[in-house]
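Taking it in order: structure first as structure tokens, then the write-up.
The values are calculated or read from the model by the stated rules, or taken from the named source; none is laboratory data. For clarity, every value in this text was computed on a predicted model and none was experimentally measured. Cβ coordinates were reconstructed from backbone atoms using ideal geometry, including for glycine residues, and neighbour counts include every protein chain displayed.
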Amino acid sequence: MGIRINTHTADPQVEIFEDRRAVTEAIAEKLLRVLTEALETRTTAHISLTGGGAGIAVLKAVKDLVGRGNTSVPDWTAVHFWWGDERLLPRGDAERNETQARDALLDTLVADHGLPEQNIHPMPTSEDAAHPTAGAEMYAQALESFAPEGGVPGPHGNLNMPVFEVMLLGVGPDGHINSLFPGKESLTVVGHSTTGEDDAPQELGPPLRVTMTFDSIHTARRVWTAVTGSDKAEAAAQALNADPKDVSGVPAANARGAHETIWHVDHAAAEQLQQR
Ligand SMILES: O=C1O[C@H](COP(=O)(O)O)[C@@H](O)[C@H](O)[C@H]1O
């Protein structure tokens, strides 16, 4: 299975921080700034969230910053939250990325900061869709309703989806991003914004997933990874050293945004990066 790095995207820059806290605080500050600035020239700003330890820690850091009240924040009525991947589980299940993100940040933004509930766009639950393929199709339709006229230019034609100011990504110890796992068919899906995965590796949680595709990731203005902990060191080094001609073994190598790709890595996860 030959999956090439999309060379029409931005090459990764690597920023190294002391620890997870420093990584997540830096991303949180930048996120508020980027969303605020985007809304100076646009009427809406879209962001794609991720799950996992570092992804949810970023949202907690945003909540802390907003709660302190001494930083500029975007007009939350104009910000839309989406997800790059999700587990096909019942609504409210503790393992859903949505549940964790609501708990970490979104419930507070709705209750205290004017974020309209309808600006939160969770991926389908197992009540909504019986199978990941159906869930992926439902989410593609939701994305389509926020697409600019003519769609967004992607590597394999235009995609009907909003342009994300930022797509946040965690990186799994196996090098997965969103629910794009090494060696899976989902890596080969082109020309679609989403796809289903019905066989996620057992050790990484529930098997049924809905995920955005590489093509979707590549349309985002900025792709920011949050990578922390020594269990991510090998995946980070492999991704950043990957052969551009075949990255099917390390999907994170193709975590690239249209204009900017930044890897935010703590010292533990950066342990093997000197080989770059
Ligand atoms: O399965 C998932 O894992 C990745 C990485 O999570 P982490 O806990 O290893 O940082 C996450 O980004 C993704 O959203 C999640 O569904």
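Inspection of the range 139-155 identifies at least one residue that is more than 25 Å from I262 (Cβ to Cβ), assigned to a loop (DSSP other than H, G, I, E, B) and hydrophobic (A, V, I, L, M, F, W, C).
The set of residues from the range 115-125 being in contact (Cβ under 8 Å) with a residue 12 or more places away in the chain and either polar (S, T, N, Q) or surrounded by 15 or more Cβ atoms within 10 Å (Cβ to Cβ) (or both) comprises L115, N119, I120, H121, P122, M123, P124, T125. Taking residues in the range 209-227 that are under 18 Å from F81 (Cβ atoms) and acidic (D, E), and partners anywhere that are within 15 Å of the ligand (Cβ to nearest atom) and part of a strand (DSSP E or B), not one pair has Cβ atoms closer than 7 Å while being at least 6 places apart or on different chains.
Scanning the range 10-31 for residues that are within 14 Å of W224 (Cβ to Cβ), more than 16 Å from the chain's Cα centre (by Cα), surrounded by 17 or more Cβ atoms within 10 Å (Cβ to Cβ) and not small (G, A, S) turns up F17, E25. Here T9, T24 are screened, and the one residue that is hydroxyl-bearing (S, T, Y) and either out of contact with any helix residue (DSSP H, G or I) (no Cβ under 8 Å at 6 or more places or on another chain) or in a loop (DSSP other than H, G, I, E, B) (or both) is T9.
The set of residues in the range 221-254 being within 13 Å of the ligand (Cβ to nearest atom), at negative phi and either outside any helix (DSSP H, G or I) or touching a strand residue (DSSP E or B) at 6+ places or on another chain (Cβ under 6 Å) (or both) consists of V223, W224, T225, A226, V227, T228, A236, P251, A252. The condition of being assigned to a loop (DSSP other than H, G, I, E, B) and crowded, with 18+ Cβ neighbours inside 10 Å holds for only one of M161, M167, that being M161.
The set of residues from the range 170-189 being surrounded by 15 or more Cβ atoms within 10 Å (Cβ to Cβ) and β-branched (V, I, T) comprises V171, I177, V189.
Scanning the range 38-63 for residues being part of a helix (DSSP H, G or I), under 14 Å from W224 (Cα atoms) and more than 10 Å from the ligand (Cβ to nearest atom) gives a total of 2. The residues of the range 126-141 that are hydrophobic (A, V, I, L, M, F, W, C) and surrounded by 17 or more Cβ atoms within 10 Å (Cβ to Cβ), listed by number, are A129, A136, A140. So for the range 79-95 (the condition being among the acidic types (D, E), assigned to a strand (DSSP E or B) and under 20 Å from T211 (Cβ atoms)), does at least one residue qualify? Yes, the conditions are met somewhere in the range 79-95. State the number of residues belonging to the range 145-154 that are surrounded by fewer than 18 Cβ atoms within 10 Å (Cβ to Cβ) and either acidic (D, E) or at negative phi (or both). Counting residues in the range 145-154 that are surrounded by fewer than 18 Cβ atoms within 10 Å (Cβ to Cβ) and either acidic (D, E) or at negative phi (or both) gives 6. The number of residues in the range 75-89 that are more than 16 Å from the ligand (Cβ to nearest atom), of a type outside the set (D, E, K, R) and free of Cβ contacts under 8 Å to residues at least 60 places away in the same chain comes to 4.
Any idea which of D128, D107, D112, D93 is within 16 Å of the ligand (Cβ to nearest atom) and either without any contact (Cβ under 8 Å) to a residue 24 or more places away in the chain or not hydrophobic (A, V, I, L, M, F, W, C) (or both)? Going through D128, D107, D112, D93 in turn, just one is within 16 Å of the ligand (Cβ to nearest atom) and either without any contact (Cβ under 8 Å) to a residue 24 or more places away in the chain or not hydrophobic (A, V, I, L, M, F, W, C) (or both): D93.
Of the residues A101, A22, A28, the single one that is under 27 Å from A268 (Cα atoms) and without any contact (Cβ under 8 Å) to a residue 40 or more places away in the chain is A28. Condition check: touching a Gly at 6+ places or on another chain (Cβ under 8 Å), assigned to a helix (DSSP H, G or I), at pLDDT 95 or above and under 21 Å from G196 (Cα atoms). Does A134 satisfy that? So A134 fits the description; yes. Scanning the range 184-213 for residues that are within 14 Å of the ligand (Cβ to nearest atom) and at positive phi yields a single hit, G205.
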